[in-house]
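Visitor: Below are the structure tokens for one structure; questions will follow.
Please treat every number below as a calculation from the coordinates, not as lab data. All values derive from a computational prediction rather than experimental measurement. Glycine gets a Cβ as well: all are built from the backbone with ideal geometry, and neighbour counts include every protein chain shown.
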Amino acid sequence: MDRKASYNWIKEFLQTRVSASEFAQKFTECSFPVERTENISARFKNIVIGEVEEVSPHPNADRLRIAKVRLARASEQ
């Protein structure tokens, strides 16, 4: 059975500062084998988080709404 775990979570839980590859090697030596590690940060590079500040009717469409969203850098529509 495959198990996946976030290395950031492991670092927080174990309070370790070793690299992911070093942790995988040490974990394999004293416990279960780590078959592979995968850096998934590239999957999330274009994702942004924002908060909807305002929603208003679209001036040219009855079924659409315009949302004003506050992002970390700016406010966009």
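Visitor: To the nearest 500 deg cm²/dmol, what mean residue ellipticity at 222 nm is calculated for the chain from DSSP H runs of n ≥ 4 alone, each contributing -39,500 (n - 2.57), summed and divided by the residues?
Guide: Helix-only estimate at 222 nm: -7000 deg cm²/dmol.
Visitor: What is the helix-to-structure angle for 20-30, meaning the angle in degrees between its Cα long axis and the longest Cα principal axis of the chain, kept from 0 to 90 and rounded to the nearest 10?
Guide: Helix 20-30 sits roughly 40 degrees off the main axis of the chain.
Visitor: Top mean-square fluctuation among 53, 29, 12, Gaussian network model of the chain, C-alpha springs under 10 Å?
Guide: So, out of 53, 29, 12, the one fluctuating most is 53.
Visitor: From Cα pairs below 8 angstrom and at least 6 apart in sequence, can you work out the relative contact order of the chain, rounded to a whole percent?
Guide: 16 percent.
Visitor: Here's something else I'd like to know. What net charge do the residues around residue 22 carry, taking every other residue with its C-beta under 13 Å from that of residue 22, with Lys and Arg at +1 and Asp and Glu at -1?
Guide: +2
Visitor: Consider the candidate values [x] 128; [y] 96; [z] 171; state which one is volume of the Cα convex hull per residue in Å³ computed from the structure displayed.
Guide: [z]
Visitor: Could you check the spin-label model distance between residue 19 and residue 32? Points 7 Å from the Cα along Cα→Cβ, value in nm.
Guide: Roughly 2.5 nm, to one decimal.
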